[in-house]
1. Anything in region 22-36 that is more than 15 Å from Ala55 (Cβ to Cβ) and either at pLDDT below 95 or in contact with an Asp or Glu (Cβ under 8 Å, 6 or more places away or on another chain) (or both)? List them, or say none.
2. I want to confirm something. Restricting to region 41-65 and keeping residues that are part of a strand (DSSP E or B) and hydrophobic (A, V, I, L, M, F, W, C), which single residue is surrounded by the most Cβ atoms within 10 Å (Cβ to Cβ)?
3. State all residues of region 1-40 that are acidic (Asp, Glu) and either open to solvent by less than 90 Å² (accessible area, probe 1.4 Å) or part of a helix (DSSP H, G or I) (or both); if no residue qualifies, say none.
4. Give all pairs with beta carbons closer than 7 Å in which a residue from region 48-60 that is over 10 Å from Lys25 (Cα atoms) meets a residue that is at pLDDT 95 or above and of a type in the set (Phe, Trp, Tyr); count only pairs at least 6 apart in sequence or on separate chains.
5. Would you point out which residue out of Leu65, Leu14 is hydrophobic (A, V, I, L, M, F, W, C) and modelled with pLDDT under 95?
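The values are calculated or read from the model by the stated rules, or taken from the named source; none is laboratory data. Since the structure is predicted, the reported quantities are computational estimates derived from the model, not experimental observations. Heads up, the Cβs are rebuilt from the backbone with ideal geometry, glycines too, and the neighbour counts pull from every protein chain shown. The area values use the complete protein model at the heavy-atom level, side chains included, leaving out ligands, DNA and RNA. Shrake-Rupley method; radii C 1.70, N 1.55, O 1.52, S 1.80 Å.
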Amino acid sequence: MSGKVADELAIRELTARFNHLESQKRNSELAATFVENGVFVARDERFEGRPAIEAYFDPSNWARL
């Protein structure tokens, strides 16, 4: 398998995992799909690091949306 094909497959698998974990509300595992200092941007807000990313997906924080 070429590098490009392998990369594309890995991206598709990661996207599917992310979507599955989000739909199951498995926030800790979802945050773990990011590197430790990863960044997630949503609604013009920036969430940096796994704890911040996990907190963003916590339903108790949804009142701010």
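1. Ser23, Gln24, listed by residue number.
2. Top of the filtered list is Phe47.
3. Initial filter on region 1-40 (acidic (Asp, Glu)): 7-8, 13, 22, 29, 36.
Residues satisfying the conditions are Asp7, Glu8, Glu13, Glu22, Glu29.
4. Pairs that qualify, where the first residue is over 10 Å from Lys25 (Cα atoms) and the partner is at pLDDT 95 or above and of a type in the set (Phe, Trp, Tyr), are Arg50/Phe34; Ile53/Phe34; Ile53/Phe40; Ile53/Phe47; Tyr56/Phe40; Tyr56/Phe47.
5. Details: Leu14 fails: modelled with pLDDT under 95.
Sole residue among the options that is hydrophobic (A, V, I, L, M, F, W, C) and modelled with pLDDT under 95: Leu65.
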